[in-house]
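Trainee: After the structure tokens below, expect a handful of questions from me.
The values are calculated or read from the model by the stated rules, or taken from the named source; none is laboratory data. None of these values were measured; they are calculated from a predicted model. Note that each Cβ is placed from the backbone with ideal geometry, even for glycine, and that neighbours are counted across all protein chains shown.
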Amino acid sequence: MNTTIETILRHRSIRKFKDKALTDEQIETIVRSAQAASTSSYIQAYTIIGVDDLDIKARLAELAGNQSYVAENGHFFVFCADLHRHEVISELHSQDFSESLESTEKYMVAVIDAALAAQTASIAAESMGLGICYIGGIRNQLDKVSELLNTPDRVIPLFGLAVGYPDQEPYLKPRLPLENVYHKNGYQQNDQLYKKQLEEYDQEISAYYHERTGGKRKETWTGQMAKMLSLPKRMYMKDFVEKKGFNKR
């Protein structure tokens, strides 16, 4: 096992950071690492907005559900799906790209490109001894986030990434059984086996929470999922995405 894999397997979300800003060199290294990620057909359909303004970070923290670590970190990045620059290209070449840019395919490309860039950035940051935490909460009120960050049409903030010097060392959270995730030569549909694996995983997760909280918490993973998925959230998203010029065809 090499040091890169060791870094990946040690990942945990950090939600408490030291009061120490990242240097410009660290920020540039993380962004350049993000840019080195794979991108579909070289489209590079994403933008990264770095936020160090304390007032903007505080407002983002509020919009994300009052998560303190959105405001209190070494640097905050917002990863956006971005086809705006491709609209600029259409003007440069005097061609109408709207059918392509509004397609579900290009929407998926932009989201995937941004996710690949973010995960590469995360691995780079963790390899530098920093901690990270993804922030999906910025999608709670995307209209206000978009206004705050001045994102034009064909640009959608997807998630934030808090990066900084860890001020905590949380437990490693167990993942699903490999057999539940990895299928050979096609999807192996066996719901009875799935249920057995999930029951075993529930026991592992319950023990993890029990140990981490000194017996105060012992819920299961499937119980968490059942509770979360029974309450639909952010149901405005389809209309918002279409309004921003994505996923209309």
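Trainee: Kindly indicate the residue of the range 39-92 that is in contact with a Ser or Thr (Cβ under 7 Å, 6 or more places away or on another chain) and touching a residue at least 40 places away in the same chain (Cβ under 8 Å) and also surrounded by the most Cβ atoms within 10 Å (Cβ to Cβ) among those meeting that condition. Steps first, answer last, please.
Mentor: Step one: list which residues in the range 39-92 are in contact with a Ser or Thr (Cβ under 7 Å, 6 or more places away or on another chain), which gives 61, 80, 82.
Filter again for touching a residue at least 40 places away in the same chain (Cβ under 8 Å), leaving 80, 82.
On the way: 80: 22, 82: 25.
Within the range 39-92, the match that is surrounded by the most Cβ atoms within 10 Å (Cβ to Cβ) is 82.
Trainee: Could I ask something else about it? Within the group 199, 169, 105, 126, which residue is among the charged types (D, E, K, R), under 30 Å from residue 53 (Cβ atoms) and at pLDDT 95 or above?
Mentor: Values: 199 fails: under 30 Å from residue 53 (Cβ atoms); 169 fails: at pLDDT 95 or above; 105 fails: under 30 Å from residue 53 (Cβ atoms).
Being among the charged types (D, E, K, R), under 30 Å from residue 53 (Cβ atoms) and at pLDDT 95 or above holds for just one of 199, 169, 105, 126, which is 126.
Trainee: Is it the case that the range 18-32 has a residue that's surrounded by fewer than 16 Cβ atoms within 10 Å (Cβ to Cβ) and touching an Asp or Glu at 6+ places or on another chain (Cβ under 6 Å)?
Mentor: Checked the range 18-32: at least one residue is surrounded by fewer than 16 Cβ atoms within 10 Å (Cβ to Cβ) and touching an Asp or Glu at 6+ places or on another chain (Cβ under 6 Å).
Trainee: Still on this structure, I have one more. Which of the residues spanning the range 182-221 are touching a residue at least 12 places away in the same chain (Cβ under 8 Å) and in a loop (DSSP other than H, G, I, E, B)?
Mentor: Hits for the range 182-221 are 218, 219, 220.
Trainee: For the range 123-153, how many residues meet the condition of being more than 27 Å from residue 165 (Cβ to Cβ), in contact (Cβ under 8 Å) with a residue 60 or more places away in the chain and in a loop (DSSP other than H, G, I, E, B)?
Mentor: 3
Trainee: State the number of residues belonging to the range 149-176 that are of a type in the set (Gly, Ala, Ser) and either surrounded by fewer than 21 Cβ atoms within 10 Å (Cβ to Cβ) or in contact with a Leu (Cβ under 8 Å, 6 or more places away or on another chain) (or both). If you could, list the steps in order and put the result at the bottom.
Mentor: Start the filter on the range 149-176 by keeping residues that are of a type in the set (Gly, Ala, Ser), which leaves 160, 162, 164.
Filter again for either surrounded by fewer than 21 Cβ atoms within 10 Å (Cβ to Cβ) or in contact with a Leu (Cβ under 8 Å, 6 or more places away or on another chain) (or both), leaving 160, 164.
Looking only at that region, the number is 2.
Trainee: With the checklist (1) at pLDDT 95 or above; (2) more than 30 Å from residue 87 (Cα to Cα); (3) part of a loop (DSSP other than H, G, I, E, B) in hand, flag the one item residue 246 doesn't pass.
Mentor: Evaluating residue 246 over (1) at pLDDT 95 or above; (2) more than 30 Å from residue 87 (Cα to Cα); (3) part of a loop (DSSP other than H, G, I, E, B) leaves (2) as the failure.
Trainee: Could you tell me whether the range 222-229 includes any residue that is under 22 Å from the mean Cα position of the chain (by Cα) and in contact (Cβ under 8 Å) with a residue 40 or more places away in the chain?
Mentor: No - not one qualifying residue is present in the range 222-229.
Trainee: Got a sec? Which of 176, 198, 172 is within 23 Å of residue 12 (Cα to Cα), hydrophobic (A, V, I, L, M, F, W, C) and touching a Pro at 6+ places or on another chain (Cβ under 9 Å)? Let's see the steps before the verdict.
Mentor: Working: 176 fails: touching a Pro at 6+ places or on another chain (Cβ under 9 Å); 172 fails: touching a Pro at 6+ places or on another chain (Cβ under 9 Å).
The match here is 198.
Trainee: Is there a residue in the range 107-115 that is in the same structural domain as residue 11 (by TED's automatic domain parsing), over 20 Å from residue 234 (Cβ atoms) and either over 16 Å from the mean Cα position of the chain (by Cα) or in contact (Cβ under 8 Å) with a residue 60 or more places away in the chain (or both)? Give the derivation first.
Mentor: Here is the first cut: in the range 107-115, the ones in the same structural domain as residue 11 (by TED's automatic domain parsing) are 107-115.
Now drop any that are not over 20 Å from residue 234 (Cβ atoms), which leaves 109, 113.
Cutting the leftovers down to either over 16 Å from the mean Cα position of the chain (by Cα) or in contact (Cβ under 8 Å) with a residue 60 or more places away in the chain (or both) gives us 109, 113.
Within the range 107-115, one or more residues are in the same structural domain as residue 11 (by TED's automatic domain parsing), over 20 Å from residue 234 (Cβ atoms) and either over 16 Å from the mean Cα position of the chain (by Cα) or in contact (Cβ under 8 Å) with a residue 60 or more places away in the chain (or both).
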